[in-house]
Structures are given as structure tokens and as C-alpha cells.
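Q: Starting off with a structure, shown below.
The values are calculated or read from the model by the stated rules, or taken from the named source; none is laboratory data. Everything numeric in this text was worked out from a predicted model, so none of it was measured. Note: ideal-geometry Cβ built from the backbone for every residue, glycine included; neighbour counts use all protein chains shown. SASA here: full protein model, heavy atoms, side chains in, ligands and nucleic acids out. Shrake-Rupley method; radii C 1.70, N 1.55, O 1.52, S 1.80 Å.
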Amino acid sequence: MAQGEQQVEIETVPLQAVADELRQTLPFAETDFADLAGIGPVDLVKVPPGAVIKETWAPEHAYAVVLHGEIRADRPEPDGSRSTVSIARKGEGFGEAPMLIGKKHSPMIIEAVEGTHLVRFSEGDFWKLMACCPKFRKVVQGDMAQRMQAYQVDALHREKLVSLGTLAAGLMHELHNPGSAAKRASSQLRINLLRLQELSLRSSDKPKTHIQLDCMRSLLEHTMKGCHVPAMSTIEQSDAEEAMAEWLTAAGVDNAYSIAPSLVGIGFKHDELACAKEAFTAASFSDALNWLEALVSSVNLVCTIEESITRISDLVMAVKKFAYDEKSPSKELDVHDSLQSTLTILGHKLRIKNIQVDKAFAASPSIIRTKGSSLSQVWTNLIDNALDASPANDKIRIGTWIEPGIEAGNGSALGPQRLAVSIEDHGAGIPPEAMPRIFEAFFTTKPQGSGTGLGLEIVHRIVTQKFGGTIDVESKPGNTRFIVRLPLEASVDFGTCVVPAR
């Protein structure tokens, strides 16, 4: 047994030597030790305060009962921190969980909160006690149930924190871009307004003819529609800007190559500007075109601010939809809407790796009636995993469809219709040896520090226990596909289920 700097004393003694003290503990209360002739010897372990047993009971598992003192079991996390799993005080036992759930190795850090004496039983003796002592078995099973329930609460809380971190990171990136764009546009708009005022004052003392006013009025009407100009290809726009700049230069317009992109960008062609060329003198025409460009640029900036604010509003709505399914015990939930909201929040990650999303939303209806919650957390984990697995400049595919319910021989339905959602990536795939364990808590195939091992376990629990659905996975090199199937109508409140996930 590994130990910390302080000395941990171990003395091997017959079971009868500690029988009187064990009778004062919960697992061995009212036990007739005469019936335990085949048990032992046992280890009497004395742990000074603050001493750490670095591995649980290497090389084998063991069960221990605290005679006096207090022991804390911590789980080491990938980031180097520790999470307290359980605390055993005087009269309580610990160490049964890894053996009862069949874990070969349980990398817990056992630390004495205060000076502690405990009795350690070998794994073989533990199973003998479970077989021959009903009261011992009852206490151990009760402890195990409490630990599993506490584990589920802790795991769900941790995964919610992970999802919150993903959500916060997404919002940070998504809000930063439109916010910065709106700020830049506002600053430039201030400069444009000063320029407009200067040009307006310059021409204000020159009377305008009806022809000049009619021409400028038509150009202004065109300008005010600038936010909805059809997009051009890069080559088309470059050619149009070059042609406009050459025409403006030939007409004697100042800053011809500077103002041409703005005029082309809002949809002007030089033949539309011909009325102004004919109506104004050469000097006045130059001022009129520069004034028009300042107005065009200002309209474009207003469009940019409007688009940025719309984007921020869309993000707020996506977050609202992301969290909406936590608020109502029974509701209708649009799965397509839930998927799209998740994609919006993860948009920054898609852009970073330049990953395209192929959406094949064929499910009709796309609405399920359910008492379940946290469905957006399912999509966040599965899509985030797909993005992590995908190489840059690749594509992920998200598809939905309706599967008919199972029918009996007479045509009556035995099961509800189900809405299926598939999330597919083209990464390296899941190793075959890892497939049976991917829904286990704290199991991850990601590099150390990159994954908590909680995501898929929580996904499995939400889908199966809260929605009464199923989740399957198919994987080979170059293609991994998760398929979630949810009943369109939930007749059972799966949210009350506390059975541990497989």
C-alpha cells in the first residue's frame, strides 16, 4: 500500500481480536462472530491525520470499516483537481462500490481527515461476508445505493457545468463578432455623418433645378433599398467596381476609385448615374456623387448595425430555447428547433474548423410531447463530440426522420411512433475495444485533460430515463454515427427514474 509522508501502520490480526470493536459498527452490529470462522485474518490499519493512501488497496480491492476517526475518498480529475466521492466516519464501511460494480481499478485517493483506525478485509473475505451475513449484506447494499444516488447527482451537476462552459464559450465568440461589427460601424457612421454635413453645406448655396432634384430623388430611393441588394460573385463585383471607377474618372469625379466599391455594393450601375452627369456641372457632379457615396456608405453601416443586433437577438432567443425545456413538466418540444438552437450556439466552433453542417431534417411532425428535460444538453454533447472528432474543412451530417411504431399481428400498435435523430462525423472513429464502455461514467477516448468522460453517460441517462428513448452508435474509421430515438408521445414520467446508467 502506497502512503504519504506520515507512516501508515498495518498490523495483521485474527478477526476475533477486533470482534468487540466491530460489533459497535453498522455492518457488524449483532453479528455472531462464531459463525465467521472462515473469515480472516484482517488488517488493523492506523492512519495518522492528513496521511494519504495514494491507491485504494493496491493491487486488489478491499473493504474497510472505520473503528474511529474519519476517512475521505477523493477522485482525481483530469485537470489535477480532486472531487470528494465519499466520507466514512466511525462505525461506517467503505470500499464496496468498485467490487459490486465490477471495476478492476478504482484510482481513488484515500486520506485520513483525522487520526483513524480501521479494519481492512480482503476482497475474498468481503464476498464471503456478503454470502453468509444477511445483516452485513443489507448495510453494504444500502451504502451502495446511497453512493450511487450521490454519484448520479454529482455527475449530472458536473456535466451541467461542462455544458454551461460550452454554452458560455459559444456565446462569448458569437456575441463578440456582431458586437465588434456594430461598434466599428457606429464609429464609421459618425465620420460619414460629418462628411455628409460638409458636402451638404458646400452645395446648399447653389439652387437646384427640377431635373437635378428629380434625378437625386430617384438615386435616393435606390439607396434606401440598399440592405436587400442581391449578392455578386467576387469576380463579378471586382469587374463592376473597375468599370464604375473608370466611368467616374472619365466624368471627372474626385475619389473615383474610393467611392466606386460603395456605389457598386448598393447596386448602382453607371447608366443610372447618367442623369446626374447630365443635370449637374462637372464640379457639382463630383460633389453630388461624393455626397451620394457618403449616404450609401451610411446606409450600409446602418444595415451592418441592424444585422449585428439581429444576430445578437437571435443568439438570445437560441439560449432561451436551449434552456426552455427545463421550465415545464409537460410540454410540446420541437426537435428541429432544439437542434438549430444548439448549432447556433456552437457556430463559433464550426467556423474555427471550417466545418459544414449537412442538415437533412425529414421528420414530420418534428414535435414530441414529453415530460423530459435537458434535450439540448444531448445535442450539445453529441454535436460537440462530432466537431472534436472531425478534421478541419470537413462536414458533419444531422438527419431526422419518423419511425413507425411496432405493430401487432392484427395491426394494432404495440409501441409509439419515434422521432429519430442521427449525428454523423467522418473522424477517426471509436476503437472497437472502447465501444462497450462509451456510456460509462468517466470513460473517455479523448486525450487527458480534454474530456471529462461524463458527456455520453449523461446523454444516455437523459435519453433513456427522461425521455424513454434509445441511443445507438455505429462506428468505423472515417464514420461515426449516433442515433437517438425519442417517442413522439411519452406516456410515462421517465424523469423520476434513478436506475444507474449502464
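Q: Mind counting the residues in segment 257-291 that are over 50 Å from the mean Cα position of the chain (by Cα) and either part of a helix (DSSP H, G or I) or closer than 23 Å to E221 by Cβ (or both)?
A: Restricting attention to segment 257-291, the residues satisfying the condition of being over 50 Å from the mean Cα position of the chain (by Cα) are 270-289.
Narrowing further to those that are either part of a helix (DSSP H, G or I) or closer than 23 Å to E221 by Cβ (or both): 270-280, 282-289.
Selection size over segment 257-291: 19.
Q: Restricting the search to segment 270-302, which residues are among the hydrophobic types (A, V, I, L, M, F, W, C) and open to solvent by 10 Å² or more (accessible area, probe 1.4 Å)?
A: Answer for segment 270-302, where residues must be among the hydrophobic types (A, V, I, L, M, F, W, C) and open to solvent by 10 Å² or more (accessible area, probe 1.4 Å): A274, C275, A279, F280, A282, A283, A288, W291, L295, V299, L301, V302.
Q: When the residues of segment 113-140 are narrowed to those that are in contact with a Ser or Thr (Cβ under 9 Å, 6 or more places away or on another chain) and either of a type in the set (K, R) or closer than 17 Å to V8 by Cβ (or both), which ends up least open to solvent (accessible area, probe 1.4 Å)?
A: Selected residue: V119.
Q: Taking the options V492, V463, V498, V459, name whichever one is of a type in the set (A, V, I, L, M, F, W, C), under 30 Å from L100 (Cβ atoms) and at pLDDT 90 or above.
A: Working: V492 fails: at pLDDT 90 or above; V498 fails: at pLDDT 90 or above; V459 fails: at pLDDT 90 or above.
Answer to the check: V463.
Q: Does segment 222-238 contain any residue that is open to solvent by less than 50 Å² (accessible area, probe 1.4 Å), farther than 27 Å from I305 by Cβ and at pLDDT 80 or above?
A: no
Q: Quickly run through segment 74-105 and pick out the residues that are farther than 24 Å from G40 by Cβ, at pLDDT below 85 and among the aliphatic types (A, V, I, L, M).
A: Of everything in segment 74-105, those that are farther than 24 Å from G40 by Cβ, at pLDDT below 85 and among the aliphatic types (A, V, I, L, M) turn out to be V85, I101.
Q: Determine whether I110 is farther than 30 Å from V378 by Cα, of a type outside the set (S, T, Y) and modelled with pLDDT under 90.
A: Against the criterion (farther than 30 Å from V378 by Cα, of a type outside the set (S, T, Y) and modelled with pLDDT under 90), I110 qualifies.
Q: Output the qualifying pairs, or none if there are none: Cβ atoms under 6 angstrom, residues six or more apart or on different chains, first residue in segment 120-138 and without any contact (Cβ under 8 Å) to a residue 60 or more places away in the chain, second residue open to solvent by 50 Å² or more (accessible area, probe 1.4 Å).
A: Correct list of pairs: M130/R137.
Q: Still on this structure: So, in segment 348-388, exactly how many residues are open to solvent by less than 40 Å² (accessible area, probe 1.4 Å) and acidic (D, E)?
A: So the answer is 1.
Q: Looking at segment 469-488 only, could you name the residues that are more than 19 Å from the chain's Cα centre (by Cα) and crowded, with 22+ Cβ neighbours inside 10 Å?
A: G469, L486, P487
Q: On to the next question. Residues that are modelled with pLDDT of 90 or more, crowded, with 16+ Cβ neighbours inside 10 Å, of a type outside the set (A, V, I, L, M) and over 30 Å from M317 (Cα atoms): does segment 149-159 have at least one?
A: no
Q: Could you list all residues from segment 346-370 that are of a type in the set (A, V, I, L, M), part of a loop (DSSP other than H, G, I, E, B) and closer than 18 Å to N381 by Cα?
A: Those that are of a type in the set (A, V, I, L, M), part of a loop (DSSP other than H, G, I, E, B) and closer than 18 Å to N381 by Cα: L346, I355.
Q: Mind counting the residues in segment 42-64 that are open to solvent by less than 20 Å² (accessible area, probe 1.4 Å), modelled with pLDDT of 70 or more and hydrophobic (A, V, I, L, M, F, W, C)?
A: Of the residues in segment 42-64, 7 are open to solvent by less than 20 Å² (accessible area, probe 1.4 Å), modelled with pLDDT of 70 or more and hydrophobic (A, V, I, L, M, F, W, C).
Q: Whether any residue in segment 250-258 is at pLDDT below 85 and among the β-branched types (V, I, T) is what I want to check.
A: No: zero hits.
Q: Which of the residues that make up segment 391-429 are open to solvent by less than 50 Å² (accessible area, probe 1.4 Å), modelled with pLDDT of 90 or more and part of a loop (DSSP other than H, G, I, E, B)?
A: If the condition is that a residue be open to solvent by less than 50 Å² (accessible area, probe 1.4 Å), modelled with pLDDT of 90 or more and part of a loop (DSSP other than H, G, I, E, B), then D394, G427, G429 are the ones that fit.
Q: Can you pull out the residues in segment 195-212 that are within 18 Å of S286 (Cα to Cα) and open to solvent by 100 Å² or more (accessible area, probe 1.4 Å)?
A: Listed by number, the residues that qualify are Q197, E198, L201, R202, D205, P207, I211.
Q: Among L301, L339, which is the only one that is touching a Phe, Trp or Tyr at 6+ places or on another chain (Cβ under 8 Å) and either at pLDDT 80 or above or farther than 25 Å from P487 by Cα (or both)?
A: L339
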